[in-house]
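Heads up: the structure comes next, in structure tokens.
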Amino acid sequence: MESESETGAAADTPPLETLSFHGDEEIIEVVELDPGPPDPADDLAQEMEDVDFEEEEEEEEGNEEGWVLEPQEGVVGSMEGPDDSEVTFALHSASVFCVSLDPKTNTLAVTGGEDDKAFVWRLSDGELLFECAGHKDSVTCAGFSHDSTLVATGDMSGLLKVWQVDTKEEVWSFEAGDLEWMEWHPRAPVLLAGTADGNTWMWKVPNGDCKTFQGPNCPSTCGRVLPDGKRVVVGYEDGTIRIWDLKQGNPIHVLKGTEGHQGPLTCVATNQDGSLILSGSVDCQAKLVSATTGKVVGVFRPETVASQPSLGEGEESESNSVESLGFCSVMPLAAVGYLDGTLAIYDLSTQTLRHQCQHQSGIVQLLWEAGTAVVYTCSLDGIVRLWDARTGRLLTDYRGHTAEILDFALSKDASLVVTTSGDHKAKVFCVQRPDR
């Protein structure tokens, strides 16, 4: 079910510079924020001086590692009944919490689950490449390095492990505090993670050189490395946001009090050039922040859905929260997904609500398709939906899970969606759209 609204939802903050719209065209004039003076293009830290942070040349896609895939049991085809998936991976014995695709070829997936297991497997047929063994708690984070040569997994207890993909050998491990989030650096073999003690960790893999960024005395709940590879934005349970300099190890900007959130942060995102940051919280607000100045330049709040009774501010905060958010790469639009099932499309130039699309149950995550104005959502009803952000229309949906979807990933060419679910399965859906 979907509904549209063109009403405003901006806070009393000055709007960004005006952007010119031309009907519903996908190409519009975008006026970027002043990026400020460039940071020195030197190494991340003295102890990491041999890490190359410069953008690497894009290699031609393809499997050049000579991986040998071993047939395994536990792979099943399409289920009887309404199942739109092409492949189902069924080696997990409990809820599957996370999934990531290898960025170079988009031919491999890594999944982690409540069964304390993580697997690297092939998307085309679901065959297992290897198991990431040795975890002692639910695996909640997993991902490939920027060049797809390494894969990292992390469990709730804080045990992180890294494997070399081609040899299937474990090359590094570390025990940190209770794990909240984990992310690879976009250009180097450097792994970052946030823990419940408030620390943000950074390791060079596999030699293990380590640096910590100490936040407030509360969990570091979410984080994202900025596209320049020199800064990371981290959100905390106390509602504060810090933008850290990865080389110097100091916070460049700290947003707290009225500038921060009034509840724990749940997610952060950056736009393509790293000039803007979006943060989301259980306080139901999404804040638009200039990465250059550290100032809040917009605040987006949910509007009451017509079919639901109006709630007080405190009651709304208890029953709703921002679960996921992101920027469109071709239009000045941002999408915010809420626990109550609302997908809100905001116009960044006017800071108003452009469309409101309602789901039958809570949104878990959203992703923008690169180069288009299409938003993908996965939700607690086990369905993946594709939305046209220009019109607010539902384009199509994909079904097959028998429980809630807990995570999903999208291939670079947007031809595949890979989902994980509480039904103990991961599924691969082939995306077919008439507009392509």
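What to note about this one:
- Test: residue in segment 80-96 that is touching a Leu at 6+ places or on another chain (Cβ under 6 Å) and within 17 Å of Cys378 (Cβ to Cβ): no
- Top-ranked residue in segment 164-196 [being in contact with a Cys (Cβ under 8 Å, 6 or more places away or on another chain) and open to solvent by less than 10 Å² (accessible area, probe 1.4 Å); ranked as farthest from Val234 (Cα to Cα)]: Ala193
Each row is one residue, and each column tells you yes or no for (1) part of a strand (DSSP E or B); (2) of a type in the set (D, E, K, R).
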site	(1), (2)
Lys136	no, yes
Gly154	yes, no
Glu170	yes, yes
Gly194	yes, no
Trp201	yes, no
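- Per-region count, segment 101-114, residues open to solvent by 10 Å² or more (accessible area, probe 1.4 Å) and either under 15 Å from the mean Cα position of the chain (by Cα) or in contact (Cβ under 8 Å) with a residue 60 or more places away in the chain (or both): 3
- Hey, Leu394 more than 28 Å from Val139 (Cα to Cα) and open to solvent by 20 Å² or more (accessible area, probe 1.4 Å) or not: yes
- Residue in segment 140-150 that is small (Gly, Ala, Ser), out of contact with any strand residue (DSSP E or B) (no Cβ under 6 Å at 6 or more places or on another chain), open to solvent by less than 10 Å² (accessible area, probe 1.4 Å) and modelled with pLDDT of 95 or more present: yes
- Residues that are acidic (Asp, Glu) and touching a residue at least 60 places away in the same chain (Cβ under 8 Å) within segment 161-209 comprise Asp166, Asp209, listed in sequence order.
- Residue check, Cys132 in contact with a Cys (Cβ under 9 Å, 6 or more places away or on another chain), crowded, with 21+ Cβ neighbours inside 10 Å, touching a residue at least 24 places away in the same chain (Cβ under 8 Å) and under 28 Å from Leu380 (Cα atoms): no
- Selected residue [part of a loop (DSSP other than H, G, I, E, B), open to solvent by 20 Å² or more (accessible area, probe 1.4 Å) and within 18 Å of Tyr338 (Cα to Cα)] from Glu303, Glu259: Glu303
- Selection over segment 366-390 of residues that are open to solvent by 40 Å² or more (accessible area, probe 1.4 Å) and on the phi < 0 side of the Ramachandran plot gives a count of 5.
- Counting the residues of segment 197-222 that are open to solvent by 30 Å² or more (accessible area, probe 1.4 Å) and either of a type in the set (Ser, Thr, Tyr) or within 19 Å of the chain's Cα centre (by Cα) (or both) gives 2.
- A count restricted to segment 264-299 and to residues that are among the hydroxyl-bearing types (Ser, Thr, Tyr), open to solvent by less than 10 Å² (accessible area, probe 1.4 Å) and within 13 Å of Ile243 (Cβ to Cβ) stands at 2.
- Residues located in segment 227-272, provided they are among the hydroxyl-bearing types (Ser, Thr, Tyr) and closer than 29 Å to Ala373 by Cβ: Thr266, Thr270
- Verdict on Cys218 being hydrophobic (A, V, I, L, M, F, W, C), in a strand (DSSP E or B), touching a residue at least 12 places away in the same chain (Cβ under 8 Å) and closer than 18 Å to Glu180 by Cβ: no
- Residue in segment 144-155 that is within 16 Å of the chain's Cα centre (by Cα) and of a type in the set (Asp, Glu) present: no
- Residues being aromatic (Phe, Trp, Tyr) and under 14 Å from Lys425 (Cβ atoms) - total across segment 104-137: 2
The values are calculated or read from the model by the stated rules, or taken from the named source; none is laboratory data. Being a predicted model, the structure only gives us computed values, none of them experimental. Methodologically, a virtual Cβ is constructed for each residue, glycine included, from the backbone with ideal geometry; neighbour enumeration extends over all protein chains shown. These accessible areas exclude ligands, DNA and RNA; they are computed on the full protein's heavy atoms, side chains included. Shrake-Rupley method; radii C 1.70, N 1.55, O 1.52, S 1.80 Å.
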